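First up is the structure itself, then whatever we jot down about it.
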Amino acid sequence: NSGDSEKCLGITPRSRSQLRSYLVEAAWIAVRKDTEMQQYYRKHQGKNVKSIIIKVAHKMARRILSVIKTETPYQINRNLVPET
């Protein structure tokens, strides 16, 4: 951390290996099912596929933490679905 900026370093190998593998597997599914994650994956295309999927898994981990903190259910494509 430096002043107002904060740098996220991704999922470190120090984390629990079982949880890391679950997040990576879930990231592969999310890339296929969630259009927002597909766009994020495509934005980073051209790089190493494994490092991109780690980025997707890290994004999912941040979303999971947000769901836990706010105690609201996760909604796929919340910003894309018009509210009624």
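The values are calculated or read from the model by the stated rules, or taken from the named source; none is laboratory data. Quick caveat: nothing in here was measured; it's all calculated off a predicted structure. Cβ atoms come from the backbone with ideal geometry, glycine included; neighbour counts cover every protein chain shown.
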(message) Condition first: modelled with pLDDT of 90 or more and charged (D, E, K, R). Now tell me which residues in the range 56-84 satisfy that.
(response) K69
(message) So the check is Cβ under 7 Å with 6+ separation or different chains; which pairs have a first residue in the range 14-43 that's of a type in the set (S, T, Y) and a second one that's surrounded by 16 or more Cβ atoms within 10 Å (Cβ to Cβ) and in a helix (DSSP H, G or I)?
(response) Y40/V56; Y40/K59; Y41/V31; Y41/I52; Y41/V56
